[in-house]
Amino acid sequence: MDRDENIVTTAQHSLPGLGPIVRREDERFLIGAGQYVDDMAFPGALHLRFVRSPHAHARIRSIAADAARAVPGVTAVFTGRDLCCWVAPLRLAPPIEGLQPTAMPVMPVDKVRFVGDPIACVIATSVDAATSAAERVAVDYAPLEAVVDMTSAAASSILVDDALPSNLVSRQSFAAGDVDGKFATADRVVESGFSQHRQTHMPLETRGCVAVWDRGRRHLTMHVGVQAPHPFRSGLAGRLGLSESQVTVVAPDMGGGFGQKVALLREELIVAAVARHLQASVRWREERSENLMAALHAREESVRTWAAVTRTGLLLALRAEILADFGAYCFFPANYMARVVAMILPGPYRLENYAYNVDVVLTNKCPAGPMRAPMAITSWVIEGTMDAVAAALELDPLEVRRINLLGPADFPYVTAVGETYRDITPADTQEQAATLLDYPGFRAFQSKARAEGRLIGLGICNVVESTTYGSQFYKSAGIPGSGHESAWVRIEPSGAVNASVGLMGSGQGYETTIAQCVAAGLGVAPDAVRVLLGNTDVSPYGMGSRGSRGAAAGGGVAYLAGRRAAEKVLAIAAHQLGLNASSGLRLAAGRVERLIGQTWEPTGLGLADIARIAYLDPLRLPDGMEPGLDVQAAYDPPPMTYSNATHLCAVEIDRDTGHPTCLRYLVVGDSGTPINSMIIDGQMHGAVAMGIGGVLKEAVVYDERGQNLTGSLMDYGVALALDLPAIEVYHRNTANGLTPLGIKGMSEGGTMGAIGAVANAVNDALAPLGVLINAQPLTAERIWRCLQRRP
């Protein structure tokens, strides 16, 4: 079927400035003029290399560094004992119900907890000298038995963290409604299991930074690819005992982040501490093997569900048991990250009776952190449960979803966990997707192909994506945090427009979309707005790029700042025109227009005229008005907003090799008022590609001793272009009634949908053979082995 991007669009580009324009930042990337950390020259900068543990679990008896210090060019060698004198522990979990308090040393002093744990750092005048010296640091270890399997970690007598009574670092339970009663009266209880394997973020650009200590000003400038510059600065200053005015964070162009570059991690803190101690500039670039072993991992979770249903497939109640592996250190609040999975697991379905238990354990593996769509397993779980219900009752999977999906009459809908869904359209996107696919026609084709011995499957996945967590959400979750975002807009005396927000892009196109939002609020062309990002001395304090918040929080506050600037411009214009108020005026394409009757007429004033008065002729301003055109705005979104989409994936599996081939992949998404539909499509393509790679290829594998067997790209599978299908994206948009412009976030939902749609498609293809695979990744080898063991 031919693609039609304009099918059923109810949220239009209603304001000038919004629309599908080409990303302005792409030009410098395409001509090779981007500037990343490694492109920045710092004459005389020292180079740092880490010495990392080869053991998953071991006591540190001693560290001998004399041979390393003797290497020509070596400036210093530091261990954890040195660092603990200069730096506060990286993370101390607050006292939260259901979470054990944990601390993470900057570098371990007594015990290493995973392969790759940094135990010393070497600083030298060249990378080669630092690398050579690091190999000469002699560490005497007393190996300990490692805890590797998350299913047995809680009961193990071997403690990952000696300060805790067990490896169970968090346990949370919740129940709403009459769960027991519904299970007692249900026609059927359907049990399902889902296991998602450990993955890593794999940004094209690994982590790295340059710390510059200005001895005369006692000031630290940190050049680092980071998604949230201001929280990074706050954490860095606090742990170094500096004031925030003594620290500047500069984030240059960034080659991907996906959550791995959100927070201050140990290595960046160590580089900064060493630079201050040596009163020098120090730089570090992470090697790919370090990134795979020790940056952050994610997604190692196991979920079981029990669905109480009627014989028609109506979902009466749901129980879920969730187990998550956070690795060696509980770096992020486990209760928060794991609870979000449980909170949104019911997805877009009516469910009043819901109970869950969530356990988080520590193991001797790389610590876990947020990865694009940290709640990604939820869509596979609820959609796989729907498929299991359909199979158990011999019903059509689409019909089972239809009778359970929330429809227009259900909204606003308060979920069993107390979250409010509004302005989402899951029933509509599913119907549009089914129509675009020709669902009855596909099932007929599938039936004929199966009769010929072909393994054809269709996966359906409806996604509700949680976005723009407001401050009220953090308060209700019981953890410190803010969801606000800030912006400023400054119109210069010439009429040039500069703007900034607290976000930092890592490929999302913020320089384009933020300019569009400012332009929409102010009344100028997007090309007239210059956007400045990634410098904490320039940008206002914001919470950064994470959790699909860039559009609604960042774009929303940019629009509000643009409107605030427009109000002052029009007030000045009204005064110049001898009018009492500015309500009959507007800025359009940078010119002031007046509404006369039903027609907007030019006034002869432009933005440059008003700007000159505001700065250079302030006696002509209205009485009491301050000179200048410099405004700020802050915006705290609702507790949580949502977008939604339906993903359909058709696959064929080769009986001889187990290789799955995607025959068609389509998405119908509701992302609210679109700022720039071209960028939405690009974000969706990238998110779906990441999800497909995670389902079919990616897995961090450890052996029973805690050794990482996937420490190179020869071993860790990443999807290539040839592994990915053509991804069809269709829009069915409705505005969010609570956010500026009606914007919604959507950059994580594609990953969630792909994980569910592809997994369900593979299992649908295998269903005639009695094969069900409930553990990812669904590699060709795993599928082939399951085919050999089929009943």
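The values are calculated or read from the model by the stated rules, or taken from the named source; none is laboratory data. Small disclaimer: the values here were computed from a predicted structure and weren't measured. With ideal geometry, Cβ positions are generated from the backbone for all residues, glycine too; neighbour counts draw on all protein chains shown. Heavy atoms of the whole protein, side chains included, go into the accessibility calculation; ligands, DNA and RNA do not. Shrake-Rupley method; radii C 1.70, N 1.55, O 1.52, S 1.80 Å.
Within the shell of other residues whose beta carbon sits under 10 angstrom from the beta carbon of ALA373, the net charge comes to 0, with Lys and Arg scored +1 and Asp and Glu -1.
Cα centroids of region 501-531 and region 393-460: 37 Å apart. For region 630-669, the residues whose amide N sits under 19 Å from a probe point set 7 Å from the Cα of GLU492 along the beta carbon direction are 630-632. A helix-only calculation puts the chain at -8500 deg cm²/dmol for mean residue ellipticity at 222 nm, using -39500 (n - 2.57) for each DSSP H run of at least four residues, averaged over all residues.
Stretching LEU595 away from HIS484 to a fully extended chain increases their span by 36.4 nm, per 0.36 nm per residue minus the current alpha-carbon distance.
The accessible surface of the chain, taken with every protein chain in place and a 1.4 Å probe, is 52 percent carbon and sulfur. Summing charges over neighbours of GLU352, with a neighbour being any other residue whose Cβ is under 12 Å away from its Cβ, gives 0 when K and R count +1 and D and E count -1. I'd like to know which of ASN708, LEU15, LEU724 lies farthest towards the positive end of the charge dipole of the chain, counting +1 on Cβ of Lys and Arg and -1 on Cβ of Asp and Glu. Checked the options; the winner is ASN708.
When the pairs LYS261/LYS697; LYS448/LYS744; LYS182/LYS365; LYS182/LYS744; LYS365/LYS744 are compared against a 32 Å limit on Cα-Cα distance, LYS448/LYS744; LYS182/LYS365; LYS182/LYS744; LYS365/LYS744 fall above it. As a calculated quantity, the FRET efficiency between ARG69 and GLN707 at R0 = 35 Å, using C-beta atoms, amounts to about 0.75.
Using C-alpha pairs under 8 Å with a sequence gap of at least 6, the mean separation divided by the residue count of the chain gives a relative contact order of 16 percent. Most tightly packed first, judged by the mean number of other beta-carbon atoms within 10 Å of their residues, the peptides 229-242, 574-587 read 229-242, 574-587. In region 416-488, Cα pairs under 8 Å separated by at least six residues give a relative contact order of 20 percent.
Look at the alpha carbon pairs under 8 Å that are at least 6 residues apart: their mean separation over the length of region 641-696 gives a relative contact order of 29 percent. Can you tally the net charge around THR312? Count Lys and Arg as +1, Asp and Glu as -1, for every other residue whose Cβ sits under 10 Å from the Cβ of THR312. Local charge sum for THR312: -1. Here's the list of aspartates and glutamates a cross-link from LYS111 could span, going by alpha-carbon distance under 18 Å and ignoring same-chain residues fewer than 8 apart: ASP82, ASP140, GLU145, ASP161, ASP162, GLU267. With Cα atoms defining each centre, region 648-668 and region 23-51 are spaced 39 Å apart in the structure.
Label the chain by shape, choosing from rounded, prolate and oblate, from the square roots a ≥ b ≥ c of the eigenvalues of the Cα gyration tensor; if a/c is under 1.5 it is rounded, and otherwise prolate applies when a/b is larger than b/c, oblate when it is not. The shape class here is oblate. For VAL109 and SER289, FRET efficiency with R0 = 30 Å and r from the beta-carbon atoms, rounded to 0.05? Taking R0 as 30 Å, the efficiency between SER289 and VAL109 is 0.75. Region 730-765 and region 178-204 have their alpha-carbon centroids 20 Å apart. Placing +1 on the Cβ of every Lys and Arg and -1 on the Cβ of every Asp and Glu, with nothing else charged, gives region 566-700 a dipole about its Cα centre of roughly 240 debye.
In vacuum, with every alpha carbon of region 172-319 counted as one equal point scatterer, what does the Debye formula give for log10 I(q)/I(0) at q = 0.15, 0.20 Å⁻¹? Two decimals, please. Listed by q, the Debye log ratios stand at -0.77, -1.13. In this label model, ARG443 and ALA721 are separated by 3.8 nm, measuring between points 7 Å along each Cα→Cβ vector. Between ASP128 and VAL414, residue separation times 0.36 nm minus the direct Cα-Cα distance comes to 97.1 nm.
On a per residue basis, the chain carries 37 Å² of accessible surface, using protein heavy atoms and a 1.4 Å probe.
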